[in-house]
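The structure under discussion appears below in the form of structure tokens.
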């Protein structure tokens, strides 16, 4: 029991450290992406942390299995390099017992991943979808602030307002854009007006309605330009792409809804949710023989081939899910055949040395 606690503590500590590092990398990358969209005006900056929080279970669902796998490789690899594992084996620690000791904490991790996969991630995806839908439904200038240049139509123009009152009316408005009908594409249109506000027509098209101002059109650096005074001027705004970051509808359905459905995409999604915790257990078994190393090789010698094997596992699961969705693979076979294949690989790696030893002993007996 003392050895079990020592191995479990070392393994879980390594897995937690790897999870923290991977989570920081993934979340920082996604946060930078969302922050860029907020700076471009495609997203309200006020929902950034809510959106990250809603996506957090999905991040953890994919990070924790890999962290668990790497945690075993790092923890056991260190024990092999420092000869601690050699001492344990000399004292009677068999590879089967080591695998059993590894599966016990891995089962706890698998239960955590099961909760994330079956409940937390679908709820978080649904919440993130609602936030994104609200952003897609809002007007193009809803997030505009006074005294800030605001990009329009995916960077094709820019607008500025000195003040914005409580009713959303902009004061002392400036707008600049490239003339869309110019042959050379270099003509610039500048518009200044006293007031402006955003409106939508019956078709849902947004317009920036400017009042009491001037429209100046010409080539920068040249005196050949046109100036037009207007009382009211309407500028069509390109509607945001409502399909951006649209999640599959199956990802937002609850697990109970997937269980009650007979549709192939729903069956494939359900098998995927159960596959993630199974992945934790299978890769934990595979990590035990792969962690074997020595001082000459170092504790990181098996990391790259082990990660490649993990990626192959994930790719095959995704391919099987796509095949089930398209009807090319029977649901009864589905993702389970991939798990069965890697269970066989795990058993082969676990018993490879004993099989090799028995074959060697048999050859010696035959030679005699």
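The values are calculated or read from the model by the stated rules, or taken from the named source; none is laboratory data. This one's a predicted model, so the numbers in the text were calculated from it and none came from an experiment. Positions of Cβ are backbone-derived with ideal geometry, glycine not excepted, and every protein chain shown enters the neighbour counts.
Tabulated data
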quantity: Qualifying residue in the range 311-320 (condition: modelled with pLDDT under 90 and assigned to a helix (DSSP H, G or I)); calculated: no
quantity: Flag if residue 51 is at pLDDT 85 or above, in the same structural domain as residue 279 (by TED's automatic domain parsing), within 25 Å of residue 302 (Cα to Cα) and in a helix (DSSP H, G or I); calculated: no
quantity: Among the candidates 2, 23, residue that is more than 11 Å from residue 71 (Cβ to Cβ) and within 15 Å of the chain's Cα centre (by Cα); calculated: 23
quantity: Residues within the range 71-96 that are buried (at least 20 other Cβ atoms within 10 Å of the Cβ) and closer than 19 Å to residue 347 by Cβ, tallied; calculated: 3
